[in-house]
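The values are calculated or read from the model by the stated rules, or taken from the named source; none is laboratory data. Everything quoted here is computed from the prediction, not taken from an experiment. In this analysis, Cβ positions are derived from the backbone assuming ideal geometry, glycine residues included, and neighbour counts consider all displayed protein chains. Accessible surface areas use protein heavy atoms only, side chains included; no ligands, DNA or RNA. Shrake-Rupley method; radii C 1.70, N 1.55, O 1.52, S 1.80 Å.
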Amino acid sequence: MMLRILFFFVLTIINNIETATNVGGILFENTVWTADGSENPYNLVGDVQIPFNSTLTIRPGVVINFGSDDCEILVKGFLRVEGTVGNPVIFQGGYTDDEQWMIKFQSTQLSLSSISYAHFIGPKKAVQLASIPNDIQKNNGTLIIQSSIFSDNTGIGTNGVYNRSLNPFFAALKFESCIFNQTVISSISASSEPITINNSQIYDSKLYPRAVIEGVQINNCNLTNIVISFKESTSTSVLQLFKTNAKGISIITELENEDDMMEAIGCSYQFIVRQSTIQDFKLTHYTRADLSTSPTNITFEESAITNISVTSPGDYGYTGEHVYTVIIRDSVYSIGSLNFNYFQLPMLVLIESCRVNNVSIIQGTQNVEYDVNVLKLLVIRNSTFIDGSIVYKNGSIEISYSTITLATPPLSLGRSSIITCSSISRSDSIPQVNTVGISAIGLTLDRSTIQNFAIGIYTYPTYNSTINIIDTNFIGNSMYTIENKSIYNVNTQGVYWGTNDSSVVIQQIKDYWKDINYGFVQQSASASNMLIIGTLCSASTEDDATTGTFM
């Protein structure tokens, strides 16, 4: 009995050896690899080359093994991978440090090739669109890969170098209904072909979007635990998410320590999110501003955002004219922080037509003397900002047509800040005692309401900035309406002080008349009744937010 079992085992080994097919060389004629008969699997023992006008067709169930010789399938003709849902074509093997990819498309009409129901198993990289130097024909058309799986640390990439002005019909790589697990997705240079991923799942993977024109576009997908790495680039790389659900997204600039910082070229990119749901998003932005060349823009539009953190650290002490923007428009943003402690960086942060809950916005925690020509601007417009905090001491703030409820007061403003047609109040979750509504260096406060703090407005000592308050309500501020600790005057006109009793108004103002080290609070044409701010503001027309002229 044991002899029979041993004989069967040896026979099985011999049959397995006999059924494998070693492949390599140029396929001058149309060729079909099939799982029928004794050919399968196919072991690459050399490069398989598909020349112009030849086609390699791979039928369902075929297994292609990449061994230790770093071989590739080079497509200059046509490749058709025709797996099925129950019987995919499998590409597997190779090593992490292999220089060649499993399949490389070069100098071919991509739209005449196709890949369906394939499974690429790493660690060898899977599919690449590659360029070729000089005047030799480039790839053109679009390669569509459908219903396929990429796993086990494999990769996909585009590596073309196209002059867009000379060739507007450049090649592209598109994925439909695919799964990416532990996969590196990369556009390898600024002028590489665009990558589009539709109706797919991407998880535990890494993206290197470096292409400029169209970049990497992800539409109607589910993303989980994704690292997006914008490495050094002299152009503005593009990554777009549309109608996508994403959880656990980290953006880094591949500069994790000071040594990396010294070697990096300025990193510029556009990360654009539209009509998507984003949860647990973290961005850490490093830059050598003296080498930066293009704006960096992060945009969320018509999206639901939960727990996002954007940080621009100042650990390395580099300064310069890098332009860095964060735009959140027509969205719901809940829980998170926008932290820009590196105050030397000029930037725009725009929050427009949003509902913002439990979010902190910080730009500089210490008051500093800075160059007022270097613009650091926070714009909040047509928004509701609930139970959050805003500290923008080393930048300017423009708040208009918005409701601000502070869970961590005060609202700390830098110079040349403007608040128009807005309400600033304290969250019901905190006691009123010892709270300050607005800590101001320089401010124009127009047609607004400040209410329910211990001190409505506090001005910093020694700063040579103007504070003008026009047609504004102060309501329910228990200690002082205004505490002017600056040596300069605070000018008010048409203000309602919360009462008609002039003696009470005087007691609620702390200025020169209580300490001659302070400036005056000058009153002009005070209002006898509470102003209806909605009526004052309803006839006003608002300019569009400045999103392109802040350099």
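Measuring with a 1.4 angstrom probe and ignoring ligands and nucleic acids, Arg381 comes out at about 20 Å² accessible. If the chain linking Asn529 and Val45 were pulled fully straight, counting 0.36 nm for each residue of separation and taking away their Cα-Cα distance, it would gain 165.2 nm.
Within straight-line reach of Lys206, meaning a Cα separation under 29 Å, sit the following lysines at least 8 residues removed in sequence or on another chain: Lys76, Lys104, Lys124, Lys125, Lys138, Lys174, Lys231, Lys243, Lys247, Lys282.
Take Val212: with every protein chain present and a 1.4 Å probe, its accessible area is about 50 Å².
For Cys537, the solvent-accessible surface computed with a 1.4 Å probe is close to 10 Å², ligands and nucleic acids excluded. Backbone geometry of the range 179-187 corresponds, through the Karplus equation with coefficients 6.51, -1.76 and 1.60 at θ = phi - 60°, to 3J(HN,Hα) couplings of 10, 10, 10, 6, 10, 9, 10, 9, 9 Hz, x marking Gly and Pro. Between Val62 and Ala35, Ile90, the built amide H atoms are under 5 Å apart, and every one of these is 5 or more places off in sequence or on another chain. Scanning residues 5 or more positions from Gln49 or on other chains, those with amide H under 5 Å from its amide H are Gly25, Ile26, Leu27, Leu74, with H placed 1.01 Å from N in the peptide plane. Between Glu82 and Ser250, the FRET efficiency from the beta-carbon distance, with R0 = 35 Å, is close to 0.40.
Percent of C-alpha pairs per 10 Å bin in the range 39-166, short distances first: 13, 46, 34, 7, 1. Length available on full extension from Gln432 to Val161: 0.36 nm per residue minus the Cα-Cα distance, which gives 91.4 nm. For Thr31, the shell of other residues with beta-carbons less than 15 Å away shows a net charge of -2, using +1 for Lys and Arg and -1 for Asp and Glu. Scalar couplings 3J(HN,Hα) for the range 442-451, obtained by applying the Karplus form with A = 6.51, B = -1.76, C = 1.60 to θ = phi - 60°, are x, 7, 10, 10, 10, 6, 9, 9, 10, 8 Hz; x denotes Gly and Pro.
Under 5 Å from the amide H of Ile132 lie the amide H atoms of Val161, each residue being 5 or more positions distant or on a separate chain, with H modelled from the backbone and absent for Pro and chain starts.
Cα gyration tensor of the range 431-505, axes a ≥ b ≥ c as square roots of the eigenvalues: rounded (a/c below 1.5), prolate (a/b > b/c) or oblate? The shape class here is oblate. With coordinates expressed along the principal axes, the C-alpha atoms belonging to the range 393-533 extend over 34, 34, 26 Å, beginning with the largest.
Measuring nothing but how far apart in sequence close Cα pairs (under 8 Å, 6+ apart) lie, relative to its length, the range 381-535 scores a relative contact order of 16 percent. Cross-link reach is defined here as a Cα-Cα straight distance under 17 Å, omitting same-chain residues fewer than 8 places apart; for Lys393 the lysines meeting it are Lys376, Lys485. In order along the range 476-490, the phi-based Karplus estimate (6.51 cos²θ - 1.76 cosθ + 1.60, θ = phi - 60°) of 3J(HN,Hα) comes to x, 8, 7, 9, 10, 6, 9, 10, 8, 9, 6, 7, 9, 7, 9 Hz; Gly and Pro are listed as x. Largest first, the residues Arg415, Arg355, Arg80 sort by 1.4 Å accessible area into Arg355, Arg80, Arg415.
Summarising the label geometry, the points placed 7 Å from Cα in the beta-carbon direction at Ser177 and Gln137 lie 3.2 nm from one another.
Near Leu44, within a Cβ-to-Cβ distance under 9 Å, what is the net charge of the other residues, with Lys and Arg +1 and Asp and Glu -1? Result for the local shell: -3.
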